[in-house]
Amino acid sequence: MEFQFVRPLSQRARQAAALTLVCLPLLCSAQGIAIAKAPAPSLAGPSLVQAAKGAVFEGRGYPPNTAVSIAMQAPNGVESQFSVMVTPAGTLSYRIPASMAGPHKLSVLDSSGKALASTNFIVTQ
């Protein structure tokens, strides 16, 4: 008998949760309340990099504790990729080594090769 009493409550609880998930965004938008969204992945660093020194680029807004690839495209079109682990806070940091002079593109790629964020910089002598 107790089992029959618990089961309907569980089903009602599921229905209430589903209704809340459907209605909450509608109620919030009707009241002008913003719902926080996860930040879009970003990648930032200096726009000018001295070839002898290299530079550090940092990113935010990535899925925590995941492996991503850093793809660096050199002025001659050659692309190199390196694996980086995202921190539990969703950040990453990558130090680019000394490279040839000219415009470069640095991108963060997910496991399927999709670009999540990118930035451009110029290497000077």
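The values are calculated or read from the model by the stated rules, or taken from the named source; none is laboratory data. Nothing here was measured: the structure is a model prediction, and the numbers come from that model. These accessible areas exclude ligands, DNA and RNA; they are computed on the full protein's heavy atoms, side chains included. Shrake-Rupley method; radii C 1.70, N 1.55, O 1.52, S 1.80 Å.
Starting from 0.36 nm per residue, how many nanometres of slack lie between Q125 and T66 once their C-alpha separation is accounted for?
17.8 nm
Using the Cα atoms of segment 33-125 to build a convex hull, what is its mean projected area in square nanometres?
Mean shadow area of the hull around the Cα atoms is 6.6 nm².
Using a probe of 1.4 angstrom, how much of the accessible area of segment 85-125 is carbon and sulfur, in percent?
C and S fraction of accessible area: 58 percent.
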